[in-house]
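Working notes, beginning with the structure itself.
The values are calculated or read from the model by the stated rules, or taken from the named source; none is laboratory data. All values derive from a computational prediction rather than experimental measurement. Protein only, heavy atoms only, side chains kept; ligands, DNA and RNA dropped before computing areas. Shrake-Rupley method; radii C 1.70, N 1.55, O 1.52, S 1.80 Å.
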Amino acid sequence: MKELISKILAWIHPHSCKTVKHLTKPGVPREFNDEYIEIKFEIFPGTTHLSLTNKSDKEIILDWENVRFIDLHGKSNKIICFEAKESQGVYTYTPQNIAPHTTIHDYLA
């Protein structure tokens, strides 16, 4: 499940950015749904709002250390999110537990 979420985040975000160039208004949601999760992104200049809903009956552990942003040129980049803790310019993350049938909200940069 963790690997699936990382792949979805890596796929949706750059494809959404491509689309945003053609939008007249930022903040139009992009989303992905399957039987386990629902992910929504709203992209604004300088930040992306993320909501992730665990639709399953089991807890999901989101390992932010392994989430990557793949840019339009295929370059893999670490993300910075609200959950990050900074120490001497290095950001670290604690895995985030998402209980069954709950939603988390975060910001990515």
### Task
Taking the residues in the range 20-51 that are assigned to a strand (DSSP E or B) and charged (D, E, K, R) as candidates, determine which candidate is modelled with the highest pLDDT.
Glu38
### Query
Does the range 58-73 hold any residues that are part of a loop (DSSP other than H, G, I, E, B) and modelled with pLDDT under 80, and which are they?
Asp71, Leu72
### Query
When Cys81 is evaluated against the numbered criteria (1) open to solvent by 80 Å² or more (accessible area, probe 1.4 Å); (2) modelled with pLDDT under 80, which criterion, by number, is the only one it fails?
(1)
